[in-house]
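Visitor: My questions all concern the structure below.
Bear in mind that the values in this text are calculations on the coordinates, not laboratory data. Bear in mind the structure is a predicted one, so any value in this text is a computation, not a measurement. Note: ideal-geometry Cβ built from the backbone for every residue, glycine included; neighbour counts use all protein chains shown.
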Amino acid sequence: MTGLKFDEKGLVPAVVQHADTGEVLMVAYMNPEALQLTLTSGDAWFYSRSRRELWHKGETSGNFIRVREVWIDCDRDTVLVKALPEGPVCHTGNRTCFFQQLTQEA
């Protein structure tokens, strides 16, 4: 985590990508503790901005995200989590949070 640039609230965006298919599954935020737990536990942990607390993805739903690799971008201000989901990732029950195409009419 040395050199990772957290924002003024102590967070970095975390893009979660399916380790096998490359599909983008979700975007959330991590604070240093969530990132450390993710690296050491092998499960994805995030920081909930609305609840202001750590969030172990799958703890309630059973749809855990099993982490394979964690990468940082060239600016060192975003992380990419390559993982295998155990069930749907989106809270709506969809496989991915990115299931709605934006059009000019929307």
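Visitor: How many percent of all Cα-Cα pairs in the range 67-106 sit more than 15 Å apart?
Guide: 62 percent
Visitor: Treating cross-link reach as a plain straight distance, find the aspartates and glutamates whose alpha-carbon is under 13 Å from the alpha-carbon of residue 57, omitting any fewer than eight places away in the same chain.
Guide: 43, 86
Visitor: Moving on to the next point. Beyond 22 Å, what share of the Cα-Cα pairs of the chain is found? Please give it as a whole percent.
Guide: Every Cα pair in the chain considered, those over 22 Å come to 29 percent.
Visitor: Oh, and also: Lys and Arg at +1, Asp and Glu at -1: add these up for the other residues within a Cβ distance under 14 Å of residue 65 and post the number.
Guide: Neighbourhood net charge equals -1.
Visitor: Same structure, new question: Enter the angle in degrees (range 0 to 90, nearest 10) between the Cα long axis of helix 32-41 and the first principal axis of the Cα atoms of the chain, meaning the one along which they spread out most.
Guide: The angle comes out near 80 degrees.
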